[in-house]
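Inspection log for the structure reproduced underneath, given as structure tokens.
The values are calculated or read from the model by the stated rules, or taken from the named source; none is laboratory data. Since we're looking at a predicted model, the values are computed, not measured. Because the Cβ atoms are built from the backbone with ideal geometry, glycine has one as well, and the counts that use them run over all protein chains shown.
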Amino acid sequence: MMRPGSEAELAELVRVANAPFVLRGGGTRGIGAVGPGEVLETGGLTGITLYEPGALTLVVQAGTPLRDVEAALAAEGQRLPFEPPDLRGLLGRAGDSTIGGVVAANASGPRRVQAGACRDSMIGLRFVDGTGTVIRNGGRVMKNVTGYDLVKLLAGSHGTLGVITEVAFKLLPAPEVAGTLCVAVDGDARAVAAMAAALGSPFDVTGAAFWPGRGVFVRVEGFETSVRYRLGELTRVLARFGDVAEVDGAVWQAVRDVGPFHGRGGDVWRLAVTPSEAPGLVAKAGAEAVLYDWGGGLVWLLVEPGVDLRARLGVFAGHATRVRGAGGSAAFPPEPAALAALSAGLRAKFDPKGLFNPGLMGAG
């Protein structure tokens, strides 16, 4: 295993390499099968490079544990906007998630419906490409959007285009309070309709999820007076779907981390879909357990081992990714021909020697 202690050392390792690497941050959230290669770990690249609470700006090295980042922000009453999930319980892994791993996976929790995904909070990054060149893209302040496309390109690339070494984020203040409503809803379609009503309201909902058997959950955050008012208004909006009650906000950690599936066997898939189509796809999936997030735009499914869920669902407007399990198909969905050609061109540009995570997402 290689564990460079600086960006310069990492760049030199890549520059002289002739054999592939398996990239790893904390090893807590990677999915899919990677071909053979020497492990290249980013855990030696740690530390907060720049933190300006007054400017709501953070620059941090990629190997820094997520928990250290969140602790530093919490001390200043701030947070990452996108509520990164902790998938260790779902995937049965130990270790510490790194901020670079969060970016590489574009890992985004329930607050995505209001604050956007991880990539939407990024304002800059540095990475080493497959030639050993250090590339800096974006900036350290919100108004600097130079090269913004590369920032978004690397987020969610799962280490197939380059090794992220440093990331800059825009931050948000932590809210004074949060409140959560639970709606007793009968049926998936009605649950999706209830979430749509909440998200379509003017009351700035920061979470909308459906846990079958438990109900629809809706969250608002902010100053206490505002939260109390919005909870009251949302209660009136949602009353037509079922009984509404205020509940403890601890449910959001379970939604964020897919807690209902912890300790249960089987394969886990995630669907990115149009919310209105989600109930029909869930009915076809024949899943053992289901969890809806993002107002129905993200659906987690627990199915029996080895199921090719894509074959079972057929063609739909969205995509299915196998997050846990070996299965009989690739973890990541196949790309249409035009998109596959574009992806291959990008990999040829950024990783001409095919060094990074071979076999993952069509890489190598």
Q | Val103, sole failed condition from (1) among the hydrophobic types (A, V, I, L, M, F, W, C); (2) assigned to a strand (DSSP E or B); (3) closer than 24 Å to Pro358 by Cβ; (4) under 21 Å from the mean Cα position of the chain (by Cα) | A | (2)
Q | Scan of the stretch 164-191 for residues that are of a type in the set (D, E, K, R) and touching a Leu at 6+ places or on another chain (Cβ under 9 Å), ordered by number | A | Glu166, Lys170
Q) In this structure, is Ala272 touching a His at 6+ places or on another chain (Cβ under 9 Å), surrounded by fewer than 22 Cβ atoms within 10 Å (Cβ to Cβ) and not aromatic (Phe, Trp, Tyr)? A) yes
Q | the stretch 69-91: number of residues that are farther than 26 Å from Ile31 by Cα and in a helix (DSSP H, G or I) | A | 4
**Q.** Where Ser201 falls short, out of the listed (1) of a type outside the set (Val, Ile, Thr); (2) over 26 Å from the mean Cα position of the chain (by Cα); (3) more than 17 Å from Asp188 (Cα to Cα)
**A.** (2)
Q. Among (1) modelled with pLDDT under 95; (2) in contact with a strand residue (DSSP E or B) (Cβ under 9 Å, 6 or more places away or on another chain), where does Val255 come up short?
A. (1)
Q) Does the stretch 334-355 hold any residues that are within 24 Å of Leu271 (Cα to Cα), exposed (fewer than 12 other Cβ atoms within 10 Å of the Cβ) and of a type in the set (Gly, Ala, Ser), and which are they? A) Ala337, Ala338, Ala341
Q) Can we say Val323 is surrounded by 14 or more Cβ atoms within 10 Å (Cβ to Cβ) and either out of contact with any Ser or Thr (no Cβ under 6 Å at 6 or more places or on another chain) or of a type in the set (Lys, Arg) (or both)? A) yes
Q: Please determine, by comparing only the residues of the stretch 189-208 that are under 23 Å from Ala250 (Cα atoms) and in contact with a Pro (Cβ under 6 Å, 6 or more places away or on another chain), which one is surrounded by the most Cβ atoms within 10 Å (Cβ to Cβ).
A: Gly207
